[in-house]
Amino acid sequence: MYKDTISNSFKLGKAARIARNCFYDAGYSEIFLPVIDKHSPGLHGGLKTAFNNEYYVIKPDVTSHLLTSMVKDEELKIFYVSEVLNSLPKGRWQIGAEWIGGKSGRGYKIYEQINLIIEILKKLKISDFQIDIGSLKKWEDVISEFDLDSETIYEAIKKRSFSEIKRLDIPEKAKEKLLENLKSRGKSSGDELIDWITNKINAETLTVDFGTIRHFDYYDDVVLEVYTRNHGRAIGGGGEYQYKSEKCFGFALDLEVLSGMAQFDEKGSEEDD
Amino acid sequence: MINFVMPKGRLMKKAAKLLKQIDIEIKEPEDRELIVRDDNFSWIYSRVFDVPVFVENGIDMGIAGSDVIDELESDVFIPLDLPFGQCRLSVITPVDRELRIEQMNNYRIATKFPNITKKFFTSAGIDVNVIKLHGSMELAPKTAVADAIVDIVDSGNTIKANGLKEIYKIQDVGARLIVNRVSQKTKFYEINELIDQLSGIL
């Protein structure tokens, strides 16, 4: 039992309720994945354990859990409220959504989910938030153009290490392009899809930043990170990934941080519904 | 305004010298002052091991040793390697024992860096008992609390004076400029300008 579990739970519940309403209004269904599942290479995060000579993972990363649980091809617009563990027995509560399959274009999937993030944060009365959008493809283009070692490059750019990039035994032109990407930040990008999304959303809160790199290796192009000035860590993030031949998009927000920042009215959250 | 956390001690003096080259004067703390402010910076003075913790949790920038960043697995940006604080993290044993790493199964290893130590021995396939100490590592083999230590070696004089020898270098160590992941976005231009200026003199 952790300190203040009950009062924290009430706050989490209030924030989750507001977010749930936003998801339902946008046509998303809630899913409930098992707390513990058999270990498989596709599962990320979670707390690994063994029982009766079998390996299991407790509360893994939700996106990877969902993808390894799917048995038929169908369009899924789903959301979840779940605790996620990352090698430690103490987890973090998250809310998140995934849009898998269907006929909508990838731009529209990303556009809708960014709007959902904005709506949830506004309804929680968190005003000081920012969303950065980046593109892993922008990095992949440089890696393939100069035939670079992907692992080494990602190691350097995840740390934003100018020193490591300058030390790499690669053509100067490749270094210039990598450093240029790291320093690229603004309202437009030259990337057709990202510029379409930023123009369509047209919000001060949305910025293109190619230095935005998310850690999960299943992301393959557009990624985003959500943060506020008053909190030293990202409060959420998401990205685009491939499931079979479909482009999918999902995001997660840290419900514990959101519930701490949210301003709830006296009655609860009814007025926000 | 940039909040900058500096490590107290030797690293701070060298960091001050480096920043002076780009016309940034660090105001040294007087008496027991912990934070000193000027027009552009808020200088925060902390223990070496706490610098990455402050930066990971919201302070904009800092200077820390790569050993500490690795030990704490700090989730921070590390834009620049700085030209001071160079030393190495090594396995050290009593001078009168002829030992190789492969022979250290079940040995007790005292260190300030338990995570790096465990990872190193695990990757070498050696099972050791790691004892966390906060200082005066040399005491551990002398008092038979540990068979060996993993510690920072600079000139090697301290270990020699204590009847110890370095048998294996685990990693090189040096000072790093570190940046909070959110500050890098919210203070993008100020932080990049500072990185560019420092990069220009390295």
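Brief remarks on what is shown
- Lone qualifier among A:245, A:189 - being crowded, with 18+ Cβ neighbours inside 10 Å, among the polar types (S, T, N, Q) and more than 17 Å from the chain's Cα centre (by Cα): A:189
- Residue match in the stretch A:35-44 (condition: of a type in the set (Asp, Glu), more than 15 Å from residue A:252 (Cα to Cα) and touching a residue at least 12 places away in the same chain (Cβ under 8 Å)): yes
- Of all residues in the stretch B:53-79 being of a type outside the set (A, V, I, L, M, F, W, C), open to solvent by less than 20 Å² (accessible area, probe 1.4 Å) and in a helix (DSSP H, G or I), the one that is nearest to the other protein chains (Cβ to nearest Cβ): B:66
- Set A:125, A:173: member being under 30 Å from residue A:20 (Cα atoms), away from chain B (no Cβ under 14 Å) and not aliphatic (A, V, I, L, M): A:125
- Search result, residues across the stretch B:166-182 that are surrounded by 16 or more Cβ atoms within 10 Å (Cβ to Cβ), among the basic types (Lys, Arg) and either more than 20 Å from residue B:83 (Cβ to Cβ) or away from chain A (no Cβ under 13 Å) (or both): B:181
- Of the residues making up the stretch B:183-198, those that are open to solvent by less than 10 Å² (accessible area, probe 1.4 Å) and at the interface with chain A (Cβ under 9 Å from one of its Cβ atoms) number 4.
- If you go through the stretch A:206-226 and keep only what is more than 9 Å from chain B (Cβ to nearest Cβ), among the β-branched types (Val, Ile, Thr) and more than 12 Å from the chain's Cα centre (by Cα), you end up with just A:208.
- Scanning the stretch A:148-161 for residues that are more than 10 Å from every other protein chain (Cβ to nearest Cβ) and either open to solvent by 30 Å² or more (accessible area, probe 1.4 Å) or of a type in the set (Asp, Glu) (or both) returns A:149, A:150, A:151, A:152, A:154, A:155.
- Condition check for residue A:92: surrounded by fewer than 17 Cβ atoms within 10 Å (Cβ to Cβ), under 16 Å from the mean Cα position of the chain (by Cα) and of a type in the set (D, E, K, R): yes
- Applying the condition of being part of a loop (DSSP other than H, G, I, E, B) and touching a Ser or Thr at 6+ places or on another chain (Cβ under 9 Å) to the stretch A:214-237 and asking which residue is farthest from residue B:60 (Cα to Cα) yields A:218.
- When residues of the stretch A:10-22 are limited to those that are open to solvent by less than 60 Å² (accessible area, probe 1.4 Å) and out of contact with any helix residue (DSSP H, G or I) (no Cβ under 7 Å at 6 or more places or on another chain), the one nearest to residue A:116 (Cα to Cα): A:21
- Which listed residue is assigned to a helix (DSSP H, G or I), touching a Ser or Thr at 6+ places or on another chain (Cβ under 7 Å) and of a type outside the set (Phe, Trp, Tyr), from B:117, B:122: B:117
- Residue in the stretch A:70-79 that is open to solvent by less than 10 Å² (accessible area, probe 1.4 Å), over 16 Å from the mean Cα position of the chain (by Cα) and under 30 Å from residue A:206 (Cβ atoms) present: no
- Only one of the listed residues (A:112, A:145, A:164, A:172) is farther than 24 Å from residue A:220 by Cβ, open to solvent by 10 Å² or more (accessible area, probe 1.4 Å) and modelled with pLDDT of 95 or more. That residue is A:172.
- Near pairs, Cβ below 6 angstrom, 6+ apart or cross-chain, from the stretch B:140-165 (under 14 Å from residue B:89 (Cα atoms)) to any residue that is part of a helix (DSSP H, G or I): B:149/B:140; B:150/B:117
The values are calculated or read from the model by the stated rules, or taken from the named source; none is laboratory data. Predicted, not measured: the structure shown is a model, and the values here were computed from it. Please note: Cβ atoms are built from the backbone with ideal geometry, for glycine as well, and neighbour counts cover all protein chains shown. Only protein heavy atoms, including side chains, enter the accessible area calculation; ligands, DNA and RNA are left aside. Shrake-Rupley method; radii C 1.70, N 1.55, O 1.52, S 1.80 Å.
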